[in-house]
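The structure appears below as C-alpha coordinates.
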Amino acid sequence: MQTTTTPAIDAVPGQRPSDAPSKPPSSLAARAFAVQQAFTRLPGDVHPLRAIAGAAGLDDATTHRILQTGVGDGVFEQVGRGRYRLGTGTARAGVQAMAHSPGAASTHGILERLHQATGGLALLYVLSPFGGAKRLCTDYAIGDTDPAEVGMTAEDVVSVSRSLRTGASGRAILAYLPQTIQDLVLAEEIPPTAGPGVIRDNDALTASLDEIRRLGFGVGRQECMPGWDSVAAPVHWHDSIMGAVLMLKRSTEMPTDLRPLIFHTLKAAESISELTTSPLAATL
(Lines give C-alpha, C1' and ligand atoms only; values in the text may rest on other atoms or scores of the structure.)
Protein backbone atom coordinates (compact mmCIF):
# COMPACT_ATOMS: atom_id res chain seq x y z
CA MET A 1 0.00 0.00 0.00
CA GLN A 2 1.31 3.42 -0.94
CA THR A 3 1.76 6.07 1.72
CA THR A 4 0.16 9.47 1.36
CA THR A 5 2.66 12.13 0.33
CA THR A 6 2.35 15.46 2.09
CA PRO A 7 1.73 18.13 -0.56
CA ALA A 8 4.24 20.91 -0.97
CA ILE A 9 3.31 23.74 1.31
CA ASP A 10 3.82 26.37 -1.41
CA ALA A 11 1.32 24.68 -3.74
CA VAL A 12 -1.31 27.10 -2.41
CA PRO A 13 -0.14 30.66 -1.63
CA GLY A 14 -0.20 31.35 2.08
CA GLN A 15 -0.87 27.71 3.04
CA ARG A 16 0.51 26.74 6.44
CA PRO A 17 0.86 23.42 8.24
CA SER A 18 -1.62 22.82 11.06
CA ASP A 19 1.13 23.08 13.69
CA ALA A 20 2.46 26.45 12.50
CA PRO A 21 2.49 29.16 15.19
CA SER A 22 -1.00 30.59 15.75
CA LYS A 23 0.48 34.06 16.23
CA PRO A 24 3.69 35.48 14.73
CA PRO A 25 6.60 35.34 17.20
CA SER A 26 7.12 38.77 18.74
CA SER A 27 10.82 38.95 19.57
CA LEU A 28 13.72 38.68 17.12
CA ALA A 29 15.08 35.61 18.94
CA ALA A 30 11.67 33.92 18.83
CA ARG A 31 11.43 34.59 15.10
CA ALA A 32 14.86 33.07 14.49
CA PHE A 33 13.91 29.94 16.43
CA ALA A 34 10.58 29.77 14.57
CA VAL A 35 12.42 29.71 11.24
CA GLN A 36 14.70 26.94 12.44
CA GLN A 37 11.76 24.90 13.77
CA ALA A 38 9.92 25.34 10.47
CA PHE A 39 12.32 22.89 8.83
CA THR A 40 11.14 20.17 11.23
CA ARG A 41 7.52 20.67 10.11
CA LEU A 42 8.11 20.51 6.38
CA PRO A 43 8.49 17.34 4.30
CA GLY A 44 11.87 16.75 2.70
CA ASP A 45 15.06 18.70 3.36
CA VAL A 46 15.17 21.60 0.87
CA HIS A 47 12.41 24.21 0.92
CA PRO A 48 11.48 27.47 -0.83
CA LEU A 49 11.32 30.71 1.09
CA ARG A 50 7.52 30.89 0.99
CA ALA A 51 7.13 27.42 2.53
CA ILE A 52 9.56 28.22 5.35
CA ALA A 53 7.83 31.54 6.06
CA GLY A 54 4.44 29.85 6.15
CA ALA A 55 5.62 27.14 8.56
CA ALA A 56 7.26 29.75 10.78
CA GLY A 57 4.24 32.05 10.79
CA LEU A 58 6.28 34.97 9.45
CA ASP A 59 6.26 37.18 6.38
CA ASP A 60 8.65 36.47 3.52
CA ALA A 61 10.88 39.50 4.11
CA THR A 62 11.52 38.71 7.79
CA THR A 63 12.13 35.05 7.00
CA HIS A 64 14.59 35.98 4.24
CA ARG A 65 16.63 38.20 6.57
CA ILE A 66 16.83 35.45 9.20
CA LEU A 67 17.79 32.82 6.64
CA GLN A 68 20.52 34.98 5.12
CA THR A 69 21.95 35.72 8.57
CA GLY A 70 21.89 32.00 9.38
CA VAL A 71 23.61 31.12 6.10
CA GLY A 72 26.57 33.19 7.18
CA ASP A 73 26.82 31.25 10.44
CA GLY A 74 26.24 27.83 8.88
CA VAL A 75 22.87 27.38 10.59
CA PHE A 76 21.18 27.26 7.16
CA GLU A 77 22.43 26.51 3.66
CA GLN A 78 21.15 28.15 0.49
CA VAL A 79 20.57 25.60 -2.25
CA GLY A 80 20.00 27.28 -5.58
CA ARG A 81 17.87 30.39 -5.87
CA GLY A 82 15.54 30.99 -2.94
CA ARG A 83 15.72 27.43 -1.52
CA TYR A 84 17.20 26.48 1.84
CA ARG A 85 17.98 23.57 4.11
CA LEU A 86 19.37 23.18 7.63
CA GLY A 87 23.14 23.60 7.72
CA THR A 88 26.03 21.93 9.47
CA GLY A 89 25.84 24.42 12.32
CA THR A 90 22.49 22.93 13.32
CA ALA A 91 23.94 19.43 13.12
CA ARG A 92 26.90 20.41 15.30
CA ALA A 93 24.55 21.78 17.95
CA GLY A 94 22.56 18.53 17.91
CA VAL A 95 25.68 16.39 18.22
CA GLN A 96 26.92 18.53 21.09
CA ALA A 97 23.61 18.14 22.91
CA MET A 98 23.36 14.37 22.36
CA ALA A 99 26.97 13.85 23.44
CA HIS A 100 25.86 14.61 26.99
CA SER A 101 23.18 11.92 27.04
CA PRO A 102 23.90 9.04 29.45
CA GLY A 103 26.45 6.44 28.38
CA ALA A 104 26.71 2.72 28.98
CA ALA A 105 28.11 3.23 32.48
CA SER A 106 24.79 4.78 33.49
CA THR A 107 22.39 2.63 31.50
CA HIS A 108 23.88 -0.86 31.77
CA GLY A 109 22.74 -1.38 35.35
CA ILE A 110 19.17 -0.55 34.33
CA LEU A 111 19.32 -3.14 31.54
CA GLU A 112 20.76 -5.71 33.93
CA ARG A 113 17.83 -5.19 36.30
CA LEU A 114 15.39 -5.57 33.42
CA HIS A 115 17.08 -8.81 32.37
CA GLN A 116 16.97 -10.21 35.91
CA ALA A 117 13.35 -9.18 36.48
CA THR A 118 12.01 -10.67 33.25
CA GLY A 119 14.44 -13.42 32.28
CA GLY A 120 14.54 -11.91 28.80
CA LEU A 121 17.26 -10.18 26.82
CA ALA A 122 17.41 -6.45 27.54
CA LEU A 123 18.64 -4.09 24.83
CA LEU A 124 18.92 -0.34 24.40
CA TYR A 125 18.38 1.12 20.93
CA VAL A 126 19.07 4.74 20.04
CA LEU A 127 17.76 6.77 17.12
CA SER A 128 20.35 7.46 14.43
CA PRO A 129 19.26 10.01 11.81
CA PHE A 130 22.45 9.78 9.74
CA GLY A 131 21.65 8.39 6.30
CA GLY A 132 17.95 8.08 7.11
CA ALA A 133 16.11 7.39 10.35
CA LYS A 134 17.09 4.04 11.86
CA ARG A 135 17.94 2.47 15.20
CA LEU A 136 21.22 1.17 16.56
CA CYS A 137 21.80 -1.08 19.56
CA THR A 138 24.24 0.61 21.93
CA ASP A 139 24.06 -1.66 24.99
CA TYR A 140 22.51 -4.92 26.15
CA ALA A 141 22.24 -7.33 29.06
CA ILE A 142 21.76 -10.95 28.03
CA GLY A 143 23.30 -12.91 30.92
CA ASP A 144 24.69 -16.27 29.85
CA THR A 145 22.78 -16.35 26.57
CA ASP A 146 24.91 -17.02 23.52
CA PRO A 147 24.17 -14.24 20.99
CA ALA A 148 24.13 -16.93 18.29
CA GLU A 149 21.04 -18.41 19.95
CA VAL A 150 19.03 -15.40 18.85
CA GLY A 151 19.34 -16.80 15.35
CA MET A 152 20.21 -13.67 13.39
CA THR A 153 23.08 -13.43 10.95
CA ALA A 154 25.31 -10.36 10.73
CA GLU A 155 23.38 -9.32 7.61
CA ASP A 156 20.09 -9.60 9.48
CA VAL A 157 21.40 -7.45 12.32
CA VAL A 158 22.34 -4.71 9.86
CA SER A 159 19.17 -4.83 7.75
CA VAL A 160 16.35 -5.90 10.08
CA SER A 161 17.46 -4.43 13.38
CA ARG A 162 18.18 -0.97 11.99
CA SER A 163 14.79 -0.55 10.29
CA LEU A 164 12.17 1.39 12.23
CA ARG A 165 9.51 -0.57 10.34
CA THR A 166 10.39 -3.84 12.04
CA GLY A 167 10.10 -4.82 15.67
CA ALA A 168 8.54 -3.30 18.74
CA SER A 169 11.58 -1.14 19.45
CA GLY A 170 11.54 0.29 15.93
CA ARG A 171 7.86 1.13 16.18
CA ALA A 172 8.33 2.55 19.71
CA ILE A 173 10.76 5.07 18.22
CA LEU A 174 8.85 5.67 14.99
CA ALA A 175 5.65 6.50 16.88
CA TYR A 176 7.19 9.69 18.27
CA LEU A 177 9.00 10.96 15.17
CA PRO A 178 7.58 13.82 13.09
CA GLN A 179 5.05 12.84 10.43
CA THR A 180 7.45 13.83 7.65
CA ILE A 181 9.98 11.26 8.87
CA GLN A 182 7.30 8.64 9.48
CA ASP A 183 6.25 9.00 5.84
CA LEU A 184 9.83 8.33 4.70
CA VAL A 185 10.05 5.20 6.86
CA LEU A 186 6.65 3.94 5.68
CA ALA A 187 7.90 4.26 2.10
CA GLU A 188 10.87 1.95 2.82
CA GLU A 189 10.94 -1.66 1.72
CA ILE A 190 10.52 -4.24 4.47
CA PRO A 191 13.78 -6.17 4.94
CA PRO A 192 13.33 -9.53 3.19
CA THR A 193 14.64 -11.44 6.22
CA ALA A 194 12.15 -9.88 8.66
CA GLY A 195 10.17 -12.26 10.84
CA PRO A 196 6.73 -13.66 9.96
CA GLY A 197 5.00 -11.26 12.36
CA VAL A 198 6.27 -8.04 10.73
CA ILE A 199 3.48 -5.57 10.03
CA ARG A 200 3.44 -5.20 6.25
CA ASP A 201 0.32 -3.10 5.74
CA ASN A 202 1.00 0.61 6.25
CA ASP A 203 -2.47 1.31 7.61
CA ALA A 204 -2.02 -1.39 10.25
CA LEU A 205 1.47 -0.09 11.01
CA THR A 206 0.15 3.45 11.45
CA ALA A 207 -2.58 2.16 13.75
CA SER A 208 0.07 0.41 15.84
CA LEU A 209 1.92 3.72 16.21
CA ASP A 210 -1.26 5.36 17.49
CA GLU A 211 -1.61 2.54 20.01
CA ILE A 212 1.98 2.94 21.20
CA ARG A 213 1.44 6.65 21.79
CA ARG A 214 -1.75 5.87 23.69
CA LEU A 215 -0.34 3.05 25.85
CA GLY A 216 3.31 4.08 26.07
CA PHE A 217 4.69 0.71 24.93
CA GLY A 218 4.60 -1.76 22.06
CA VAL A 219 4.45 -5.55 21.81
CA GLY A 220 6.11 -7.45 18.98
CA ARG A 221 5.26 -10.98 17.91
CA GLN A 222 8.06 -12.50 15.83
CA GLU A 223 8.54 -9.25 13.93
CA CYS A 224 12.32 -9.32 13.53
CA MET A 225 12.90 -13.06 13.63
CA PRO A 226 10.97 -16.29 14.06
CA GLY A 227 10.47 -17.60 17.58
CA TRP A 228 11.12 -14.34 19.48
CA ASP A 229 8.59 -11.90 20.94
CA SER A 230 9.24 -8.56 22.57
CA VAL A 231 8.06 -5.61 24.60
CA ALA A 232 9.48 -2.14 23.95
CA ALA A 233 9.07 1.30 25.51
CA PRO A 234 10.36 4.66 24.25
CA VAL A 235 13.20 6.62 25.80
CA HIS A 236 12.62 10.37 25.73
CA TRP A 237 14.72 13.46 26.26
CA HIS A 238 12.06 15.90 27.40
CA ASP A 239 9.68 15.90 24.41
CA SER A 240 12.14 14.39 21.91
CA ILE A 241 12.45 10.68 21.18
CA MET A 242 15.95 9.32 21.79
CA GLY A 243 15.52 5.56 21.51
CA ALA A 244 13.79 2.55 23.04
CA VAL A 245 14.31 -0.20 25.59
CA LEU A 246 13.58 -3.69 24.28
CA MET A 247 12.82 -6.82 26.28
CA LEU A 248 13.23 -9.85 24.02
CA LYS A 249 12.04 -13.33 24.95
CA ARG A 250 11.44 -16.63 23.19
CA SER A 251 7.83 -16.93 22.01
CA THR A 252 7.44 -20.23 23.85
CA GLU A 253 8.47 -18.53 27.11
CA MET A 254 6.24 -15.48 26.85
CA PRO A 255 3.53 -15.61 29.54
CA THR A 256 -0.13 -15.12 28.77
CA ASP A 257 -0.22 -12.17 31.13
CA LEU A 258 2.28 -9.63 29.77
CA ARG A 259 1.67 -7.03 32.45
CA PRO A 260 4.76 -7.85 34.55
CA LEU A 261 7.00 -7.71 31.48
CA ILE A 262 5.41 -4.45 30.38
CA PHE A 263 5.81 -2.97 33.86
CA HIS A 264 9.54 -3.72 34.05
CA THR A 265 10.20 -2.57 30.47
CA LEU A 266 8.38 0.70 31.08
CA LYS A 267 10.28 1.17 34.34
CA ALA A 268 13.62 0.68 32.57
CA ALA A 269 12.73 3.12 29.78
CA GLU A 270 11.52 5.72 32.28
CA SER A 271 14.72 5.35 34.32
CA ILE A 272 16.89 5.96 31.26
CA SER A 273 14.68 8.89 30.22
CA GLU A 274 15.23 10.41 33.66
CA LEU A 275 19.01 10.11 33.15
CA THR A 276 18.77 12.17 29.95
CA THR A 277 17.04 15.02 31.79
CA SER A 278 19.16 14.95 34.95
CA PRO A 279 22.91 15.60 34.47
CA LEU A 280 23.48 14.80 38.16
CA ALA A 281 21.74 11.41 37.89
CA ALA A 282 23.85 10.51 34.86
CA THR A 283 27.00 10.79 36.95
CA LEU A 284 25.79 8.46 39.72
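Okay, here's what the table says:
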read-out: Residues (more than 11 Å from ARG85 (Cα to Cα) and in contact (Cβ under 8 Å) with a residue 40 or more places away in the chain) located in region 36-74; value: ARG41, PRO43, ARG50, ALA51, GLY54, ALA55, GLY57
read-out: Qualifying residue in region 264-280 (condition: without any contact (Cβ under 8 Å) to a residue 12 or more places away in the chain, surrounded by 12 or more Cβ atoms within 10 Å (Cβ to Cβ), small (Gly, Ala, Ser) and closer than 24 Å to SER128 by Cβ); value: yes
read-out: In region 226-254, residue nearest to LEU127 (Cα to Cα) [restricted to those that are assigned to a loop (DSSP other than H, G, I, E, B) and touching a helix residue (DSSP H, G or I) at 6+ places or on another chain (Cβ under 7 Å)]; value: HIS238
read-out: Residue in region 28-47 that is surrounded by the most Cβ atoms within 10 Å (Cβ to Cβ), counting only those that are closer than 11 Å to LEU67 by Cβ and in contact with a strand residue (DSSP E or B) (Cβ under 7 Å, 6 or more places away or on another chain); value: HIS47
read-out: Filter result (touching a residue at least 12 places away in the same chain (Cβ under 8 Å) and under 11 Å from ALA172 (Cα atoms)) within region 211-235; value: ILE212, ARG213, GLY216, PHE217, GLY218, VAL219, GLY220, VAL231, ALA232, ALA233, PRO234, VAL235
read-out: Residue ID - modelled with the highest pLDDT, chosen from residues in region 60-77 that are exposed (fewer than 15 other Cβ atoms within 10 Å of the Cβ) and either acidic (Asp, Glu) or not assigned by TED's automatic domain parsing to the domain that holds ARG31 (or both); value: ASP60
read-out: Single residue of region 140-184 satisfying the filter (in a helix (DSSP H, G or I) and of a type in the set (Asp, Glu)) that is modelled with the highest pLDDT; value: ASP183
read-out: Filter result for GLY54 (closer than 28 Å to GLY132 by Cβ, of a type in the set (Gly, Ala, Ser) and at pLDDT 85 or above); value: yes
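The values are calculated or read from the model by the stated rules, or taken from the named source; none is laboratory data. All values derive from a computational prediction rather than experimental measurement. Because the Cβ atoms are built from the backbone with ideal geometry, glycine has one as well, and the counts that use them run over all protein chains shown.
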